[in-house]
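The values are calculated or read from the model by the stated rules, or taken from the named source; none is laboratory data. For clarity, every value in this text was computed on a predicted model and none was experimentally measured. Reconstructed Cβ throughout: ideal geometry from the backbone, glycine too, with neighbour counts over all protein chains shown. For the accessible areas, the whole protein counts, side chains as well, though only heavy atoms, and no ligand, DNA or RNA atoms are used. Shrake-Rupley method; radii C 1.70, N 1.55, O 1.52, S 1.80 Å.
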Amino acid sequence: MLVRRARSWLPGLLLVTPSIILIAVFVYGMLGWNFRLAMTDQHDEVSEGEFVGLQNFVDIWDQSRWHLSVNHAIMFTVVFVLGALLLGWLLAFLMEKGIRGEGTFRAIYLFPMAISFVATGIVWRWLMNSGTGERAVGLNRLFDWLGLPQWQWFRDPDWGMAAMALPAIWQMSGYVMALFLAGFRGVPEELREAARVDGCNEWGVYRHVVLPMLRPVTLSALIILGHISLKVFDLIVAVSGKQIITDVPAVFMWVAVFDSHDPAKGATIASYIVLSVAIFVIPYLIWSVRKERRS
């Protein structure tokens, strides 16, 4: 009896064991090592460091650069997430109507997903060049030709991070479009017809039938975009480098570890990034597990 039961679950266990070991060591093991380092006073690369508990997590809030990087990350996240959601939903709404050449448009909208954030950042660094007048290039050259005011883009001290979110919106809106388009196509036509029979116009069908059924898709897109924005690094560095005006926690962490040679501070910033991402991911996982149990 025992041998028969083992034959049913042992092959599957042997198949996933290498993945479990690798994830345990290189994901959760490294996370544990990072949190341990963040709780020491190892502020150089040669000392052993003594355990100081949560002191580093408290002290970092006394640094003005940390406050600046957090504010920048919040602005980037809000503009990026809302922009990608709205643009992706609009593209999916238009595609859902069944336009001619839909496959071509889907490929065009999804193409930016195949490009790395580094390549995207290099191109958009030229597009968002802050030169004006005769030195204008990229978008400012176009605005000058159209007679529109020219912008400082990511060099603007107030709205620079909002401009920095534009390349990310361009790259991820196609992916969000694909999610919403699948959600639109997953709504049974019978429900739409029933709403029309009950007297709903086309807007009422979307408001009362289609949009409520898109809530799981919206939540999934929100989680994906949120965790991407909170740990963004390569796009920022590719566009503006390690400038204070576009500083975010991931860039601050890089500077702390590799420029200032302060492992404890870098580990502390990394821990905050992990915790901020967990705020998005953990509630989603709990919701997913409860939904599966109910179904």
Please work out which one of (1) closer than 22 Å to Trp33 by Cβ; (2) within 21 Å of the chain's Cα centre (by Cα) is the condition Ser288 fails and give its number. (1)
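Considering only segment 209-216, I want to know if a residue exists there that is assigned to a loop (DSSP other than H, G, I, E, B), open to solvent by 10 Å² or more (accessible area, probe 1.4 Å) and either at pLDDT below 85 or farther than 14 Å from Trp89 by Cβ (or both).
no
Looking at the structure I just gave you, is Val255 in contact (Cβ under 8 Å) with a residue 12 or more places away in the chain and farther than 22 Å from Thr77 by Cα? Don't jump to the end; show me each part of the working.
Details: in contact (Cβ under 8 Å) with a residue 12 or more places away in the chain: yes; farther than 22 Å from Thr77 by Cα: no.
No; evaluated as a whole, the condition is false for this residue.
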Which residue pairs have Cβ atoms closer than 8 Å, lie 6 or more positions apart in sequence or on different chains, and pair a first residue in segment 261-279 that is open to solvent by 30 Å² or more (accessible area, probe 1.4 Å) with a second residue that is of a type in the set (Val, Ile, Thr) and modelled with pLDDT of 90 or more? Lys265/Ile60; Lys265/Val257; Tyr272/Ile60
Do we find a residue being open to solvent by 20 Å² or more (accessible area, probe 1.4 Å) and either more than 30 Å from Val210 (Cβ to Cβ) or outside any helix (DSSP H, G or I) (or both) anywhere in segment 75-88? yes
Identify, please: which residue in segment 1-30 is closer than 23 Å to Phe258 by Cβ and open to solvent by 60 Å² or more (accessible area, probe 1.4 Å) and is, among those, modelled with the highest pLDDT? Met30
So which residues in segment 91-117 are in a helix (DSSP H, G or I), open to solvent by less than 70 Å² (accessible area, probe 1.4 Å) and among the aliphatic types (A, V, I, L, M), if there are any at all? Leu91, Ala92, Met95, Ala107, Leu110
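Inside segment 119-140, can you point out the residues that are open to solvent by 70 Å² or more (accessible area, probe 1.4 Å) and modelled with pLDDT under 90? Working first, answer last.
Residues of segment 119-140 that are open to solvent by 70 Å² or more (accessible area, probe 1.4 Å), as a first pass: 122-123, 125-126, 134-135.
Result: Glu134, Arg135.
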Of the residues Arg192, Arg185, Arg155, which is open to solvent by 50 Å² or more (accessible area, probe 1.4 Å), of a type in the set (Lys, Arg), out of contact with any Pro (no Cβ under 7 Å at 6 or more places or on another chain) and over 29 Å from Asp247 (Cβ atoms)? Arg185
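Determine which member of the set Lys231, Lys242 is farther than 30 Å from Ala195 by Cα, under 13 Å from the mean Cα position of the chain (by Cα), open to solvent by 20 Å² or more (accessible area, probe 1.4 Å) and not hydrophobic (A, V, I, L, M, F, W, C). Explain how you work it out, then say what you get.
Values: Lys242 fails: under 13 Å from the mean Cα position of the chain (by Cα).
One residue alone meets the criteria, Lys231.
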